[in-house]
1. Go through segment A:138-152 and count every residue that is over 18 Å from A:THR98 (Cβ atoms) and in a loop (DSSP other than H, G, I, E, B).
2. Just need a number here: residues in segment A:378-406 that are of a type in the set (Ser, Thr, Tyr) and assigned to a loop (DSSP other than H, G, I, E, B).
3. If I go through segment A:318-332 residue by residue, how many of them are at negative phi, crowded, with 21+ Cβ neighbours inside 10 Å and more than 14 Å from chain B (Cβ to nearest Cβ)?
4. What tally of residues in segment A:153-162 results from selecting those that are touching a helix residue (DSSP H, G or I) at 6+ places or on another chain (Cβ under 7 Å), outside any loop (DSSP other than H, G, I, E, B) and either more than 7 Å from chain B (Cβ to nearest Cβ) or small (Gly, Ala, Ser) (or both)?
5. I'm checking my understanding of the structure. Among residues of segment A:178-189 that are in contact with a strand residue (DSSP E or B) (Cβ under 7 Å, 6 or more places away or on another chain) and surrounded by fewer than 24 Cβ atoms within 10 Å (Cβ to Cβ), which one is farthest from the other protein chains (Cβ to nearest Cβ)?
6. Has segment B:252-259 got any residue that is assigned to a strand (DSSP E or B) and outside the structural domain of B:ARG343 (by TED's automatic domain parsing)?
7. Look through segment A:267-283, keep the residues that are small (Gly, Ala, Ser) and over 14 Å from A:SER5 (Cα atoms), and return whichever of them is surrounded by the fewest Cβ atoms within 10 Å (Cβ to Cβ).
8. Against the condition free of Cβ contacts under 8 Å to residues at least 12 places away in the same chain and either part of a loop (DSSP other than H, G, I, E, B) or surrounded by fewer than 23 Cβ atoms within 10 Å (Cβ to Cβ) (or both), how does B:SER117 come out, does it pass?
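The values are calculated or read from the model by the stated rules, or taken from the named source; none is laboratory data. All values derive from a computational prediction rather than experimental measurement. Note that each Cβ is placed from the backbone with ideal geometry, even for glycine, and that neighbours are counted across all protein chains shown.
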Number of protein chains: 2
Amino acid sequence: MPVTSPYPLVTIEHALNTILAHSPILGTEQVSLTRALGRVLAEDVIAPAAVPPFPAAAKDGYAVIAADKAGRRRIIGEQLAGRLSDLRVEPGTAVRITTGAALPKGADAVVMVEYTSERDGWVEIEKEVRAGDDVRPVGQDIEAGQRVLERGSTLGPAEVGLLAAVGLSAVQVHCQPRVAILSTGDELREPGQPLQPGQIYDANRFSLAAAVELAGGVPRSLGIALDSLDALQHALAKALAENDVVVTSGGVSMGKLDLLKPILEARGQVHFGRVIMKPGKPVTFATVDQKPIFALPGFPVSALVSFELFVRPALRQMQGDLDWPRPRLTVRLAHAVQHDAHRTEYQRARVYVEKGRFLAQITGAQGSGRLLSLVGANALLELPPGNGFLPADSEVTALLLQPIGM
Amino acid sequence: MPVTSPYPLVTIEHALNTILAHSPILGTEQVSLTRALGRVLAEDVIAPAAVPPFPAAAKDGYAVIAADKAGRRRIIGEQLAGRLSDLRVEPGTAVRITTGAALPKGADAVVMVEYTSERDGWVEIEKEVRAGDDVRPVGQDIEAGQRVLERGSTLGPAEVGLLAAVGLSAVQVHCQPRVAILSTGDELREPGQPLQPGQIYDANRFSLAAAVELAGGVPRSLGIALDSLDALQHALAKALAENDVVVTSGGVSMGKLDLLKPILEARGQVHFGRVIMKPGKPVTFATVDQKPIFALPGFPVSALVSFELFVRPALRQMQGDLDWPRPRLTVRLAHAVQHDAHRTEYQRARVYVEKGRFLAQITGAQGSGRLLSLVGANALLELPPGNGFLPADSEVTALLLQPIGM
């Protein structure tokens, strides 16, 4: 009788839903603005006061009364940004003012310095003036009580600026998942060391750590574990003790040396052990002590593609980002593509725009070990089962990993 | 006579070319793989050896001689990944093998365990076998001597994995620009402090620091400088002493309190002091001691948009990335847009795809202070001078800041 895996093949959708159901949103912590970039808000942010909080000059120039029309006005003083004065503009008078300064009492407009000339304490206004010209009214940018950012938003430069603008020096965000990363396999060697016959360099620990960082997690390398029950049990215990998530690679094929699944079964629950996809069929997902454990295949492309499809969503959800799915686009193949007839295959591609249409070009040979297929790729093409051949110009779905251009 | 700036208005193109001509590529340093994410390669990377370095099993199964065809073979031992053996496969024999293990001498194919059954030291091969089946030949992923990454590449997860795969534990990258960030203005107050009348919170130092970080630079906050010659001179000297680039915001309008330009003129050279654009017209660029100094406008949107157009390219070039331009796309306006008739205006927008066409929707009011216009924006629309009105469905150019989706 042929050997078959005891783990049923599950669909990609089932696998992802199972993972999300076991990836709880982490707690929150307060961080200062200078450490907030990339973090996910754990609270709605309400502006406690208006921005600007007072009517302010939008330009350098003169604060005037619009009803005075064009013509000469007597200068009664100056109002600089951040410096207060008791000046009051009366009909026929003006106050020099700089951008951002509070509009003095009595004034209802600002005239840009470019439309004026000043001499001997008088200023000539050389244009028609309307009430409100170049005045920033209270709340023009943000109203008091306005919700400026929503819980679940990822903080970029503009969001960080908004927090500062409403006066917050710190903000409540979700904790970042701490992710233990473990490579398994007797054949693996640390980069920088000489290879012995039969050995290869461990690439996954480094690529997965970088992928964890980009996904907002905190990678913690646990090194290489040899293919022995003892080594793996010890490494797993250490990984679970200090982290929220464990990601391993290697050692989940069908051979005698798949030691990981029995350990996971003994310590917790294996939710699935095979997925109908390529690459990534041996992806295994378990929980131990309620913590998600991803056992990814050892081939470098399989590891990164299955990270993208399964681990990244979990890490984003755990830090409170419920808007994690990648944009999907319908694109056309720039050339014919061979693909797996029985499993959904994710091929690496460059999506670009030509004559207003999205085209996709595969990034060379798509072997599971060929990391070069990810270099220059800005998308994963999702190729469902079929007859194994898609002619040029076929429409397929692309998951966008990077912006596309011409 | 009206007041006019002594600085001529220059075009955006002239401004950018001037900046790039004064933003020298920084030196190089060696970083370990665990710190390489996001850095820019300062050298081509040549694979010193092939990957895989030996013919290896692509699957768990049995190493056989293909010419033996289907049928029974005697098992003479096992070859595990990373463990060596002196096994030699002779006609009629087979060796158990795990994924990644070196193919034993004599064998020329691997049969997946799924297509076999083993009993009493014999294995039944249940399919046709061809030479090379499930064997990864030497150099399948990377050939010895192959250039796997080019100087100037930015390192993402796949690139970091490639470096590890070819055995490098460290890599030569360009230094990151250290960027001093200074806010200027008597009206500015630190977030977290109570506001006095006439004051507003400093947002730019925080948003610009985040933008510097995303652009690969190292932000160093120099706080708020008051509007005095002394304060600004002191702050500038400190900024120049320890950094490669200085970015200030505020204090570059036309008023009496533009103290910065005279200081820059005295200490170095002001290359331009005004640009024909909106927002960002007062952007000023100088060099002092060969170091680029950007004096950005104080309004928060003006500061971030001019950072995107002028500072980011400089920071990318300085760290060796010559492929910094954002992707540009032709998109159609989802609605009519009012814009500046005389200056190229950059409006913040969300670009999306609908029925195969790119559409752009402006993100609300486009005031220079309204940071909310950047929240949810994935593009800047570049609207050239014209009659100030673009009807719905007009074609415009979008600079993509983020991936677009449906």
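1. If we filter segment A:138-152 for residues that are over 18 Å from A:THR98 (Cβ atoms), which is where we start, we get A:138-139, A:141-152.
Of the ones still in play, those that are also in a loop (DSSP other than H, G, I, E, B) are A:138-139, A:141, A:143-146, A:150-152.
Residues meeting the conditions: 10.
2. Step one: of segment A:378-406, the residues of a type in the set (Ser, Thr, Tyr) are A:394, A:397.
Among the residues that remain, those that are also assigned to a loop (DSSP other than H, G, I, E, B) are: A:394.
Number satisfying all stated conditions: 1.
3. Kept after step one, since they are at negative phi, are these residues of segment A:318-332: A:318-319, A:321-332.
Applying the additional criterion that residues be crowded, with 21+ Cβ neighbours inside 10 Å yields A:318-319, A:329, A:331.
Narrowing the set further to residues that are more than 14 Å from chain B (Cβ to nearest Cβ) leaves A:318-319.
Going through segment A:318-332 one residue at a time, the tally reaches 2.
4. 2
5. That would be A:ARG178.
6. no
7. Pass one, segment A:267-283, residues small (Gly, Ala, Ser): A:268, A:273, A:280.
Those left that are additionally over 14 Å from A:SER5 (Cα atoms): A:268, A:280.
On the way: A:GLY268: 17, A:GLY280: 29.
Filtering first and then ranking leaves A:GLY268.
8. yes
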